[in-house]
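*Asks:* Let me give you the structure first, and then I'll get to my questions.
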Amino acid sequence: MRKASFFRRYLILHFLSLVLLPVMLLVLVFGVSPSSDQSDLDTANRLGSVPVLIGLVMAVFILLSGVFFYRLRGQLIQLQQAMRFPEDGSWIPEPVPERASGRHEVDQLASSFNRMIRQLRDSRLREQEEEALRKRWIANLSHDLRTPLTALRGHASRLRKEPLGPEGIASLAAADRTITQIDELMEELLSYTLLTSGKYPYEPTSTDVPSLVRASLASWYPVFEDAGFEIDIEIPDDRTFSWDIDPGWMMRVLDNLLQNVLRHAREGRYIGIAVDVDQERIRIKDRGPGMDHLSANRGAGIGLEMAKLMLAEMKLRIQWDDQPIGTTLWIEKAK
């Protein structure tokens with residue numbers, strides 16, 4: 001047989017207390033006595049005891065209310081504390097203690113809360129296992145594809161030494177570009193997997209930002225020049241500022257962003273790189289069709305996602321103004 005809930009018992013006791021009080025008063029006041037004189041005396045005595053009876057009933061009423069609300073408050077505070085986000089940064093709270101004999105509504109709420117926590121933990125564990133399996137699969141795939149790509153590159157290099165017609169030379173150049181793109185994509189996939197799994201080496205140090213941007217442009221300048229780009233560089237020589245970042249990570253971010261300009265904004269034939277010392281930020285500008293335009297070389301966007309993750313880890317952020325006549329990117333400290 002199911003036990004009555006605590007709320008129901010509380011209401012029944014309070015109802016009985018409120019009903020018994022007027023009944024007892026009526027019995028005391030209008031009770032039957034053997035004689036009129038004696039009746040008047042008894043009535044007077046009973047009326048005198050009415051305040052005592054009222055005080056007794058009110059005391060019982062207050063006591064029951066105090067016990068009820070004290071127990072209710074304690075359990076609700078436990079639930080409130082359990083529902084807070086843990087201090088260790090995890091988003092799943094700890095279960096609350098359950099009473100073996102708990103049958104009332106707050107106990108049932110605590111039990112339901114604990115079932116939800118167990119389901120969330122099981123779901124989180126499965127998600128982590130699937131994520132780890134996916135990352136291992138991508139890392140292994142990226143590694144395994146390098147061997148056939150290296151062999152294909154070797155065959156392409158051997159074919160260059162053979163006498164070929166114009167169509168053969170063009171086809172060989174196209175094949176070489178495709179191999180290079182696949183190799184870069186595999187490198188991005190592997191780096192992205194290592195980065196999201198926390199295995200990408202990160203060594204922050206105080207870095208001169210204008211000098212780092214110059215070093216990056218030194219390797220990219222001839223590439224843009226060969227592609228026919230107008231190159232606009234604004235880096236002050238007499239002023240500088242530093243960020244506490246990993247220079248290798250920042251070079252990788254710049255490489256990814258400049259590579260995107262070369263791939264997707266080639267038709268604009270313009271690249272502008274500036275370092276704003278006053279606002280401590282880097283600006284990259286192009287005159288391409290915009291980030292929403294589907295270019296022929298559009299990929300999966302791994303390079304940009306890697307740049308965002310790396311910048312966030314270095315306490316930096318990237319913002320952009322995307323227009324049909326070009327895109328402007330800013331790299332600055334996160335606020």
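*Asks:* Using 0.36 nm times the number of residues separating residue 313 and residue 178, minus their current alpha carbon distance, what extension gain do you get? Walk me through the numbers on the way to the answer.
*Replies:* On the way: separation 135, 0.36 × 135 = 48.60 nm, distance 3.21 nm.
Fully extending the segment from residue 313 to residue 178 adds 45.4 nm.
*Asks:* Once phi is turned into ³J(HN,Hα) by the Karplus curve 6.51 cos²θ - 1.76 cosθ + 1.60 with θ = phi - 60°, what whole-Hz value does each residue of segment 124-129 show in order, with x for glycine and proline?
*Replies:* Each residue of segment 124-129 in turn: 5, 5, 5, 5, 5, 5 Hz.
*Asks:* What full-extension length gain, to one decimal in nm, is calculated for residue 185 and residue 267 as 0.36 nm per residue of separation minus the Cα-Cα distance? All intermediate terms of the calculation are to be shown ahead of the outcome.
*Replies:* Values: separation 82, 0.36 × 82 = 29.52 nm, distance 2.23 nm.
Result: 27.3 nm gained on full extension.
*Asks:* Which value, in debye to the nearest 20, gives the size of the charge dipole of segment 219-274 about its Cα centre, when Lys and Arg are +1 and Asp and Glu are -1 at the Cβ? Write out the running numbers ahead of the final one.
*Replies:* Details: 5 positive and 11 negative charges, 55 e Å.
The calculation lands at about 260 debye.
*Asks:* Could you work out how far apart the two model spin labels at residue 279 and residue 77 are, taking each label as a point 7 Å from the Cα in the direction of the beta carbon, and quote it in nm?
*Replies:* 5.2
*Asks:* Roll a 1.4 Å probe over the protein heavy atoms and report the accessible area of residue 213 in Å², nearest 10.
*Replies:* Answer for residue 213: close to 0 Å² accessible.
*Asks:* Quote the charge dipole size of segment 154-268 about the Cα centre in Debye, to the nearest 20; the model charges only the Cβ of Lys and Arg (+1) and of Asp and Glu (-1).
*Replies:* Working: 10 positive and 20 negative charges, 100 e Å.
Dipole magnitude for segment 154-268 comes out near 480 debye.
*Asks:* Right, another one. Along the Cα→Cβ direction, 7 angstrom out, place labels at residue 63 and residue 215. What is the inter-label distance in nm?
*Replies:* 8.1
The values are calculated or read from the model by the stated rules, or taken from the named source; none is laboratory data. Quick caveat: nothing in here was measured; it's all calculated off a predicted structure. Ideal geometry is used to build each Cβ from the backbone, glycine not excepted, and the neighbour counts take in all protein chains shown. For accessibility, only protein heavy atoms count, side chains too; no ligands or nucleic acids. Shrake-Rupley method; radii C 1.70, N 1.55, O 1.52, S 1.80 Å.
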